[in-house]
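Note sheet for the following structure.
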Amino acid sequence: MLEFLINGGPVMIPIGLASVIGLAVFLERLWALRPSRVAPRSCRVELVELARQERWADAITLCRKHGSPLSRIMEVCFLNQGRRRADIKELTEEIGRREAAELERYSGVVGIVAAVAPLLGLLGTVFGMILTFEVIQEQGMGVVSSLAGGISQALITTFAGLSVGIPALIAHRYLLSRVDGLILDMEDATLEVLDLVKALDA
């Protein structure tokens, strides 16, 4: 395996770095985007029940105790209960946009790896073909073994670039879909509480 990487030439170094960075960010995002951390179901149930009972102080205390993105959004509802629904909704949407941006943080790095890795592979291919033509220019077409090094390098870098880029693309799409799902969950939970606050203020 080591010999395979060495035969790929210098372009294998940035491809390898890109793969390590992409994998590290993907695993970190998987850990950060756990539903139990972003929008815990137990927290949602407790907060809705407290809203039904008009226990605003307890609800705010629970939000601050959990410290999840969902609880930070709901805290705005409870802190501003008694105001017009449109005002509360606007405030929660503002906080929600901030939390959504935080959830999407670093996901773009995986997308960059997905885009750059195949290009690095193509660069290695071009570099390998340049080496091959230099050998042809110096030695002619007669010595096939002399041409094998450049052609091999070209194929290895192409393979490596695609091997990193394709999984990175899939990982990036998966992270974005997970973020979208979590945002929808938080929106549903916030609207549920917002309707309770509105009913109590009517």
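The values are calculated or read from the model by the stated rules, or taken from the named source; none is laboratory data. For clarity, every value in this text was computed on a predicted model and none was experimentally measured. Every residue, glycine as well, gets a Cβ built from its backbone with ideal geometry; the counts of neighbours run over all protein chains shown.
Here are some notes:
- Unmet criterion (only one of (1) buried (at least 16 other Cβ atoms within 10 Å of the Cβ); (2) more than 21 Å from Arg173 (Cα to Cα)) for Ala57: (1)
- Residue-level check: of (1) surrounded by 15 or more Cβ atoms within 10 Å (Cβ to Cβ); (2) closer than 15 Å to Leu194 by Cβ; (3) modelled with pLDDT under 90, Ala86 misses just (1).
- From Glu28, Glu75, residue being buried (at least 19 other Cβ atoms within 10 Å of the Cβ) and either assigned to a helix (DSSP H, G or I) or among the basic types (Lys, Arg) (or both): Glu75
- Search result, residues across segment 1-30 that are hydroxyl-bearing (Ser, Thr, Tyr) and at pLDDT below 90: none
- Scanning segment 151-175 for residues being at pLDDT below 95, surrounded by fewer than 21 Cβ atoms within 10 Å (Cβ to Cβ) and more than 14 Å from Gly16 (Cα to Cα) gives a total of 3.
- Whichever residue in segment 177-196 is over 17 Å from Arg37 (Cα atoms) and in contact (Cβ under 8 Å) with a residue 40 or more places away in the chain and, among such residues, is surrounded by the fewest Cβ atoms within 10 Å (Cβ to Cβ): Glu192
- Count - residues of segment 60-72 that are in a loop (DSSP other than H, G, I, E, B) and either among the acidic types (Asp, Glu) or surrounded by 15 or more Cβ atoms within 10 Å (Cβ to Cβ) (or both): 1
- Within segment 31-46, considering residues that are among the hydrophobic types (A, V, I, L, M, F, W, C) and modelled with pLDDT under 90, the one surrounded by the fewest Cβ atoms within 10 Å (Cβ to Cβ): Cys43
- When the residues of segment 89-107 are filtered to those that are basic (Lys, Arg) and at pLDDT 90 or above, the one that is surrounded by the most Cβ atoms within 10 Å (Cβ to Cβ) is Arg98.
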